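Novice: There's a structure below that I have some questions on.
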Amino acid sequence: MSNPFKFGTVVDGAFFTDRIAELQYVKQILQSENHLVLISPRRFGKSSLINKALEQIERRHIVINMQSVTSVQHFAHKLMNALFRVYPMERLKHLMTHFRIVPTISTNPMTDTVDVSFSPIVNNTEIILEDAMNLLEKVSTEEHRLIVVLDEFQEVVTLAKGFDRQLRSIMQMQKNINYVFLGSQESMMENIFEKKKSPFYHFGQMMRLNKIPREDFRQYIAERLDEMLADSILDFTNCHPYYTQQIAYQVWDLVHYEQEKDDIVEKAIDRIVMLHDLDFERLWLNFNKSDRRVLQDLCLFSQPALGADRSIPASTTYSILKKLMQQGYVIKTEHYEIEDPFFRRWVNRFSHR
Ligand SMILES: Nc1ncnc2c1ncn2[C@@H]1O[C@H](COP(=O)(O)OP(=O)(O)O)[C@@H](O)[C@H]1O
Ligand SMILES: [Mg+2]
């Protein structure tokens, strides 16, 4: 039997649990003429959820991770390559006759893939982007609407000056495409979609993804381990999807390969913390003294210290928390918490050394 837990990449099939209402909602939007904006901290399951919806909807789609895009031209390049993977070459070639800057199309007969590239000496990125974006609309029809997923979308803001504005002005003219904007930098995503001055103000239906509800996650783990282990795991991870799968994976290995009987969850935590000891130490050393103080309080007391004996003013504490949230080290659910429970454990130990 192989390990029934999985973490790190998109999960599917037996590794995917819950999200029934969310899935329904995503599908409903994609079947309408609207766009979707999906926000959550990293590793909550956005990509997995969208992947599942796309699988069930069975429509042509392309996915671009904006974090892997280095320039506007690169973005156009990626769009084209993605299109060539889902539409037949003949159809695309025919539609590209209007391109103002003609790209080079090369095929690799070994891998059966196509690579479209624009000459790097051409520097009219606006035209390249427009042509590539217009091609999306041309291949898409009313009955077969293309779905375009832009993951880690908050990156548009920093990619190039005016890029967001240009993108939006093209997108708003398109009729047969559903866009899905995913983002894990919550405040940046809010600025993009909720600020009146932003070009993407209210451009799509906003949806927030929460952690997986405890009862459901508990059952999922219990079916694969047992109820007691499930409870100890969730007490430690507080239902964070990724870290829960990570520790459950380790626990399962301990049970099945090492026949551990006692304190299994603690042993699994130890293993993982030890594995990351060096990274955690490096991370810690990169924080300044006040950051460390705030983190330490969060780790020890599960809340920022704002009491009378505080050594940092409350306003400073809040601005540090805000920064740590932007960087992804702290997340806010019902309260502030350290994103990574293993790092939390490491800080607790380190503080007592
Ligand atoms: N519905 C789910 N059921 C079980 N585990 C999940 C689910 N969604 C996410 N996970 C866990 O979280 C990890 C990160 O999921 P992912 O979809 O990549 O998140 P995001 O795109 O928000 O960063 C997955 O590898 C998996 O371990
Ligand atoms: Mg993702």
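The values are calculated or read from the model by the stated rules, or taken from the named source; none is laboratory data. All of these numbers come straight from a predicted model, not from anything done at the bench. Neighbour counts are summed over all protein chains in view; Cβ atoms, including those assigned to glycine, are modelled from backbone coordinates with ideal geometry. Side chains included, ligands, DNA and RNA excluded: accessible areas come from the protein's heavy atoms. Shrake-Rupley method; radii C 1.70, N 1.55, O 1.52, S 1.80 Å.
Novice: Using just the helices of the chain, give the 222 nm mean residue ellipticity in deg cm²/dmol: DSSP H runs with n ≥ 4 each add -39,500 (n - 2.57), and the total is spread over all residues, rounded to 500.
Specialist: Values: 16 runs with 181 residues, N = 353.
About -15500 deg cm²/dmol.
Novice: Which net charge results for the neighbourhood of L295, defined as the other residues with beta-carbon distances under 13 angstrom from its beta-carbon, given Lys and Arg at +1 and Asp and Glu at -1?
Specialist: Once positives and negatives cancel, what remains is +1.
Novice: Something else: Just the number, please: carbon plus sulfur as a percent of the accessible area of the range 289-342, 1.4 Å probe, no ligands or DNA/RNA counted.
Specialist: 50
Novice: Dipole magnitude of the range 286-352 about its Cα centre, charges +1 at Lys/Arg Cβ and -1 at Asp/Glu Cβ only, in debye to the nearest 20? Provide the component values of the computation, followed by the final result.
Specialist: Working: 10 positive and 7 negative charges, 42 e Å.
Roughly 200 debye for the range 286-352.
Novice: Using the beta-carbon distance between H74 and E142 and R0 = 25 Å, what value does 1/(1 + (r/R0)^6) give for FRET efficiency, to the nearest 0.05?
Specialist: 0.25
Novice: Search the structure for amide H atoms under 5 Å from the amide H of L36, placed 1.01 Å from N in the peptide plane, and list their residues when 5 or more places away or on another chain.
Specialist: The answer is Y179, V180, F181, Q205.
Novice: Using 20 Å as the cut-off for backbone N distance, which residues of the range 255-281 belong to the label zone defined by a point 7 Å from the Cα of D235 along Cα→Cβ?
Specialist: Under cut-off, by backbone N: 255, 260-273.
Novice: Right, another one. Within straight cross-link reach of K197, meaning Cα distance under 20 Å, which aspartates and glutamates are found once same-chain residues fewer than 8 apart are removed?
Specialist: E155, D164, E186
Novice: Let me ask something else about it. Under a cut-off of 23 Å between alpha-carbon atoms, report the lysines in cross-link reach of K289, not counting same-chain residues fewer than 8 places apart.
Specialist: Partners found: K322, K323, K332.
Novice: Using a probe of 1.4 angstrom, how much of the accessible area of the range 19-208 is carbon and sulfur, in percent?
Specialist: Here it works out to 49 percent.
Novice: With a Förster radius of 35 Å, plug the Cβ-Cβ distance of L23 and R91 into 1/(1 + (r/R0)^6) and report the FRET value to the nearest 0.05.
Specialist: Once the sixth-power term is evaluated, E becomes 0.70.
Novice: With r as the distance between the Cβ atoms of H98 and I121 and R0 = 25 Å, compute the FRET efficiency 1/(1 + (r/R0)^6) and round to 0.05. Walk me through the intermediate numbers first.
Specialist: Working: r = 22 Å, r/R0 = 0.86.
So the FRET efficiency works out to roughly 0.70.
Novice: Something else: Enter the accessible area per residue of the range 214-275 (Å², integer; probe 1.4 Å; all protein chains in place).
Specialist: 50
Novice: Separate question: Summarise the accessible area of the range 214-275 (1.4 Å probe, protein heavy atoms) by the percent that is carbon and sulfur.
Specialist: That fraction is 48 percent.
Novice: Okay, next question. Out of residues 5 or more away from E260 or on other chains, whose amide H comes under 5 Å of its own, with H placed 1.01 Å from N in the peptide plane?
Specialist: The answer is V255.
Novice: Follow-up question, since we're still on this one. With an 8 Å cut-off on Cα pairs and a minimum separation of 6 or more residues, tell me the relative contact order of the range 19-208 in percent.
Specialist: 34
Novice: At 7 Å along Cα-to-Cβ for each site, give me the label-to-label distance between L285 and M1 in nm.
Specialist: 4.3
Novice: E260 to T158: extension gain in nm, 0.36 nm per residue of separation minus the Cα-Cα distance?
Specialist: Result: 31.8 nm gained on full extension.
Novice: How large is the accessible surface per residue of the range 286-352, computed with a 1.4 Å probe and reported in Å² as a whole number? Spell out each step's value before the answer.
Specialist: Working: 3570 Å² over 67 residues.
I get 53 Å² per residue for the range 286-352.
Novice: Follow-up question, since we're still on this one. Scan around V330 for amide H atoms under 5 Å from its own, H built in the peptide plane at 1.01 Å from N, and keep only partners 5 or more places away or cross-chain.
Specialist: Residues meeting the criterion, in which the H sits 1.01 Å from N, are M325, E339.
Novice: Taking only Cα atoms and a 10 Å spring cutoff, compute GNM fluctuations for the chain and point out the largest among M173, M206, M110.
Specialist: Most flexible of the set in this elastic network: M110.
Novice: What is the sum of charges, Lys and Arg at +1 and Asp and Glu at -1, for the other residues whose Cβ falls under 12 Å from the Cβ of L167?
Specialist: Neighbourhood net charge equals -2.
Novice: Mind ranking 20-32, 254-266 by how tightly packed they are, going by the mean number of other C-beta atoms within 10 angstrom, highest first?
Specialist: So the order, starting with the most tightly packed, is 20-32, 254-266.
Novice: Moving on to the next point. Which whole-number percentage describes the relative contact order of the range 286-352, with Cα contacts under 8 Å and a sequence gap of 6 or more?
Specialist: Worked out over the range 286-352, it gives 34 percent.
Novice: Sticking with this one: What share of the DSSP beta bridges in the chain is antiparallel, in percent to the nearest 5?
Specialist: Expressed as a percentage, antiparallel bridges in the chain total about 30.
Novice: Can you find, among L129, S71, F118, the residue farthest towards the positive end of the dipole of the range 1-129? Put +1 on the C-beta of Lys and Arg, -1 on that of Asp and Glu.
Specialist: S71
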